[in-house]
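Right, one structure below, let's go through it.
The values are calculated or read from the model by the stated rules, or taken from the named source; none is laboratory data. If you're wondering where the values come from, they're calculated on a predicted model, not measured in any experiment. Glycine gets a Cβ as well: all are built from the backbone with ideal geometry, and neighbour counts include every protein chain shown. Heavy atoms of the whole protein, side chains included, go into the accessibility calculation; ligands, DNA and RNA do not. Shrake-Rupley method; radii C 1.70, N 1.55, O 1.52, S 1.80 Å.
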Amino acid sequence: MGVNMKKIVTLLVALLSSICMFADTVAKIGDAEYATLESALSSAVDGDEIVLVSDIDLSEKINIQVDSVKRVTLNLSGHTISSLTERVKFVYNEDDNTTTIASHEDSLVNLFGGMELTIKGGGILTNVSFTAMANKEEKLSSKINITNVTVKVSYFAAYNYESAINIYSDTVVTGSQFFIRSGGNEAGYVWKPELNVYGGVYEGTEFLVSPYSDDPCNDQMTIRKGTFTGCTFIARNGISRIELGNDQSGDDLKLNSCKFFSVLNYSNSDYNPTIELNAGEYNSCTGRVVVSVQRGIGVIRIKGGLHSACRFSDSRFNDQTYDYAIPKFEVNGGRFENGCYFNAKVENAIIEVNGGQFFDSRFNLNPSQASEDPEMVINDGYFHGVHFTSYEGSKSSQSEFNINGGTFDYCVILSKGATPVVFLNGGRLNGCSIGAVATMKYQHNPTVSNEVSAVEAYSCYIYSKNDELSGSGSQNPTSSIDLKDGDFYGCTTQQFKGAGKNVLITPTIVNACKIGDEGIVNAVQALSQLQTQDQLEFEVLHDCYTPATNNTDSSRVVFNNEPIAIGSGKTVSMVSHNESVVDSFFDVSGNLFLRGVRYTGEIEVQTGGRVYVSPGTRLKQDPVESGFRFLGSCQVDIDPSTGEYVVSECPGFRILVR
């Protein structure tokens, strides 16, 4: 069979021509081929999809301007868009509260008017910059949507009107920046550029909202879902706002070692930059309200979420007058644990707590210099093992701490130093330590007081002390407790040497227990009689907790976490006719009878030990699994509102635990 050489040559020429043409093609729209990304973007019409067929190195700027809405998809199709030019970026210096912001004209890809670009397709964007701009005359806004893309050391910005950046799941972002800025408002039209994050993984990435003009523009970032590690979020001036999480976020929003900044470095009384933290997990994060001007309110607001080992504080950077500049931390909900920390130290700084659950955390007022008066207000919430300190060294300022409500279990409330004031105006304090401690000889007058509002205190330890006095001066310091109203049950007071007679509680401290007809301060005092008696029975009249004590050589508060031993051969019977609470820790080798008591502590039963419970008793631990015995015919139910085990009578039926 002969070979048709002419036909083969013709085919080779066509193939080579096709290869050469394809080599010059970087993108396609349908069958149409384009040699540059700019030509593809310019040629696309509303609804088109641009598909990359090769990697692209952007060396020249691309400006796309449209006068109507044009929605275009850029499908990377696994390819990379990169650039060797210096990356556009902003710089926030937290050491001096300054911000440097690049011009939008420096971006490699600028979209103007009604251009909406969706970038997808599993490819990579590295060292590139995209900016979405508005058309002021036509009131058109560009948008950039990113989904299923890897973004490395790149920059995205949205400017003016309703320009937006939207990021969806399956996106991975490292070392990049996202920036939102408006230039002002016009009559009848509010400028509101946005960034919305609906998922993805982010590492070492920065987010900045920073309006340009003096007008109070409503620039906003909304972070709904995603995992963020080592990221920074900055709301700067204007009515800028970054909102993280909502009721639907839950476990889908996680932040690790991230930073939040509410920044006031341009003076305007209408400015209110706000960081708002909602549902989500926040681990080892920090939040700061930073002030270097005279007016405005910088806010970090927490409405929900699980916060572990997070720290929140304020700072300032010059010596201007701050009469109208207010750093504010507002907590309305959430759970805080593992050493979370709130600190207010500059003029007019406020910590306000209206709700939330706090465990092993700290709140601190500590003026950074003379004449500064930070304030803390606790209106509601649950606090366990939390330290509240209003502290001043030798400064002539007066920090103010108000407790108006909430429940406090085993907390430390301390007024310490020069002239701080703690007002106990409300709330319930259980087993807390409440102290006023002077630390220097000159002009130290810390106080704890209230006027007409009532506080409930159970088994609290209340003391005043002049501690480790140093410095010179002839004026004697006074550390004072002056509580004029409230209910105090089973509380103990102490005045240390040098403090004078400065613990004054006008209402009578009511004994919380009694043995026979003899009143006993609280359950711990009653149980101390086991040292000399083998049989002890006492009635619990009011709730009892294990109160703190104070080391006589220092102002260190000591909470007794050691169990109270009921040794072999010892018998203790606790009775309550009103379900009074007893919160303690028993180690039982002898016999313990609980009759009608609401016992919220722990009980460990050793070999030979026995615990008996009667109807009307409530327990934190399961009496059946714990091997407790029942007095009479009993049944055990669980109270769904508290999770407690409730022992009640069950006529004709008896649980017998041997």
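See the values below:
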read-out	value
Residues whose placed amide H lies under 5 Å from that of Asp487, excluding near-sequence neighbours	Val455, Glu456, Ala457
FRET efficiency for Arg428 and Lys152, using Cβ-Cβ distance with R0 set to 51 Å, rounded to 0.05	0.45
Gained length - Asp517 relative to Gln606, 0.36 nm times residue gap less alpha-carbon distance	28.8 nm
Accessible-area value, Lys259, 1.4 Å probe, nucleic acids and ligands omitted, Å²	80 Å²
Estimated FRET transfer efficiency (Gln535, Tyr341; beta-carbon r; R0 45 Å; 0.05)	0.40
Distant-in-sequence amide H partners of Thr36 (H built 1.01 Å from N, under 5 Å)	Val26
Cut-off under 5 Å, modelled amide H: who pairs with Val597 long-range	Ser576, Arg618
Calculated FRET value between Glu203 and Arg71, using beta carbons and R₀ = 35 Å, to 0.05	0.70
Vicinal HN-Hα couplings computed from phi for the stretch 282-296 (Karplus, 6.51 cos²θ - 1.76 cosθ + 1.60; Hz; Gly/Pro x)	10, 10, 6, 8, 10, x, 9, 9, 10, 10, 9, 9, 9, 9, x
Simple spin-label estimate for Thr506 and Asp639 in nanometres, 7 Å along Cα-Cβ	3.4 nm
Where labels lie 7 Å past Cα in the beta-carbon direction, separation of Asp96 and Thr493 in nm	5.5 nm
Listed residue pairs exceeding 30 Å between alpha carbons, taken from Lys514/Lys570; Lys89/Lys254; Lys61/Lys139; Lys416/Lys620; Lys89/Lys192	Lys416/Lys620
